[in-house]
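The values are calculated or read from the model by the stated rules, or taken from the named source; none is laboratory data. Predicted, not measured: the structure shown is a model, and the values here were computed from it. Cβ coordinates were reconstructed from backbone atoms using ideal geometry, including for glycine residues, and neighbour counts include every protein chain displayed. Accessible surface is based on the protein model in full, side chains and every heavy atom, while ligands, DNA and RNA are left aside. Shrake-Rupley method; radii C 1.70, N 1.55, O 1.52, S 1.80 Å.
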Amino acid sequence: MTSFSEALRNATWGDHEAAEGESYLKELMGGRLSAAEYGEMVAQHHFAYAALDGVSRELADHPVAGRFVFPELYREPALERDLATIYGDGWRDRIAPSKATRTLVARIEQMAGWPGGYVAHHYTRYMGDLSGGQFIRMELQRIYGYAKGGGVDFYLFDQVGSLPRFKREYRSRLDAFGETLDERERERVIREVKLAYQLNTEVLAELLDAVRAVA
Ligand code: HEM
């Protein structure tokens, strides 16, 4: 029988392709955006992770969701260092959540009431950051010359130890979680992962629209 982590990956890999192929990321990875334009994505991450890590803190003692709460993953301090490096000390005054980010944040906050939905959003972001995010970090370091300490710290998971080992453990927790769900609830979680991909992709699409509007 296919494990839940495999089923989840198989059912949503097409959505991953759409996220990965989003034009903003192509422009970014191609070195065609200024540091300030890259910073727009970091700023949107700042709002999304404040919500995601906030819900994690709320659910830390939850018997099911709590298995997916890892304080060593929390991204806010790293994002603050990145924004200070990109925009300087006044960074807080120049960032605001976009419309797509406000939609994503509202959805994440709703997930405080549904452990399966929380897992869906947590998986979509953090497994991505721990996987393709590592490739993105190397590219960004090469393009902008950032070093550890600010700029791309969002993608650095210093307190996690071995990323492959962590991801194996994460997948085994997904599998154990899947065992507790009936078919209907498994499908519901998979649908939420698809929605999470879509909402995250819309944030990227909106960023590119904003960049093009200025150009
Ligand atoms: C340039 C952009 C991206 C690249 C090159 C990329 C690349 C990859 C690669 C190579 C993997 C597989 C790694 C492994 O099996 O260990 C992966 C996994 C993943 N990525 Fe991405 N990715 C990108 C963007 C994204 C985005 C924008 C999201 C979500 C919003 C995302 C979410 C995920 C997730 C959830 C996984 C784990 C899938 C699983 O094994 O269950 N990725 N990515």
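A few comments on the model shown:
- Separation in nanometres of the label points that stand 7 Å from Cα toward Cβ, at A96 and S23: 2.4
- Full extension of the chain between V160 and S131 yields a length gain of 9.1 nm, computed as 0.36 nm times the residue separation minus the alpha carbon distance.
- Length gained on full extension, W13 to W114: 34.0 nm, using 0.36 nm per residue less the C-alpha separation.
- Normalised contact order of region 31-95, rounded percent, pairs of Cα under 8 Å and 6 or more residues apart: 42
- Rolling a 1.4 Å probe across the protein heavy atoms gives the chain an accessible surface of 49 Å² per residue.
- Share of Cα-Cα pairs in region 64-122 lying beyond 17 Å, as whole percent: 56
- Counting charges near T2 (Lys, Arg +1; Asp, Glu -1) among other residues having Cβ under 15 Å from its Cβ returns a value of -2.
- Debye log10 I(q)/I(0) at q = 0.10, 0.14, 0.19 Å⁻¹ for region 1-99, Cα point scatterers: -0.41, -0.76, -1.10
- Taking the accessible area of the chain, probe 1.4 Å, and keeping the other protein chains in place, the carbon and sulfur fraction comes to 50%.
- Remark: spin-label model distance H62-E187 equals 2.3 nm, labels positioned 7 Å along the Cα→Cβ axis.
- Stokes-Einstein diffusion for region 81-212 at 4 °C, viscosity 1.567 mPa s, with a Kirkwood radius from C-alpha pairs, works out to 77 µm²/s.
- Net charge contributed by nearby residues that have their C-beta within less than 14 Å of V211 (K/R +1, D/E -1): -3
- Whole-Å distance, taken between Cα centres, linking region 53-98 and region 141-160: 15
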